[in-house]
1. Consider residue 122 carefully, then state whether it is within 15 Å of the ligand (Cβ to nearest atom) and either under 19 Å from the mean Cα position of the chain (by Cα) or buried (at least 17 other Cβ atoms within 10 Å of the Cβ) (or both).
2. Taking strands (runs of 3 or more DSSP E) that do not extend beyond region 123-182, which have at least 2 residues that are out of contact with any strand residue (DSSP E or B) (no Cβ under 6 Å at 6 or more places or on another chain)?
3. All but one of (1) away from the ligand (no atom under 16 Å from the Cβ); (2) assigned to a loop (DSSP other than H, G, I, E, B) hold for residue 114, so report the exception by its number.
4. Pull up region 93-110, narrow it to residues that are surrounded by fewer than 17 Cβ atoms within 10 Å (Cβ to Cβ) and modelled with pLDDT under 95, then point me to the one that is nearest to residue 141 (Cα to Cα).
5. Are any of the residues in region 72-89 in contact (Cβ under 8 Å) with a residue 60 or more places away in the chain and within 16 Å of the ligand (Cβ to nearest atom)?
6. I'd like to check something: does region 72-92 contain any residue that is more than 25 Å from residue 136 (Cα to Cα) and in a loop (DSSP other than H, G, I, E, B)?
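The values are calculated or read from the model by the stated rules, or taken from the named source; none is laboratory data. Everything quoted here is computed from the prediction, not taken from an experiment. Methodologically, a virtual Cβ is constructed for each residue, glycine included, from the backbone with ideal geometry; neighbour enumeration extends over all protein chains shown.
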Ligand SMILES: [Zn+2]
């Protein structure tokens, strides 16, 4: 509890973090932003600390110290995409005593219960998306950066027919971008 207590030691700091719970648009242009529906937040209070506890309880995960700390780091900053390494680095900077393996495990647990969406860009590169609604992504190759595309902006000609006995669970589109050549 020491690290977390340190992070949230004063009411003003807590208020500062709580104010960061305001949903922030993450998209590309003004036009695009206006069409992004606000994320569903249910009955959450707007304070990440309480939200994290409520989120964990809602999906049946015990709010352990490590899950709370990592959940707080993940969800306090609005919609974003992080890799395990990025979150591990943030945890280390915030003096949360946690190993990279625990960060991996926690991210996968959060994904299994639907708090996060995993987005694989290459075989080896996985991002975890705090926006678990249906949407697609731009991937900027030279910056390793993932950006949201609103679902309405991707036109798929026709979804493929799934094999007998299967249905399409979801379609993930990653549109890879590079700087214009020449
Ligand atoms: Zn996303």
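1. Numbers: within 15 Å of the ligand (Cβ to nearest atom): no; either under 19 Å from the mean Cα position of the chain (by Cα) or buried (at least 17 other Cβ atoms within 10 Å of the Cβ) (or both): yes.
The answer is no for residue 122.
2. Hits in region 123-182: 145-149.
3. (1)
4. Ranking the candidates gives 94 first.
5. Initial filter on region 72-89 (in contact (Cβ under 8 Å) with a residue 60 or more places away in the chain): 72, 79, 81.
From what is left, the residues that are within 16 Å of the ligand (Cβ to nearest atom) are 79, 81.
Yes, region 72-89 has at least one match.
6. No, because not a single residue in region 72-92 is more than 25 Å from residue 136 (Cα to Cα) and in a loop (DSSP other than H, G, I, E, B).
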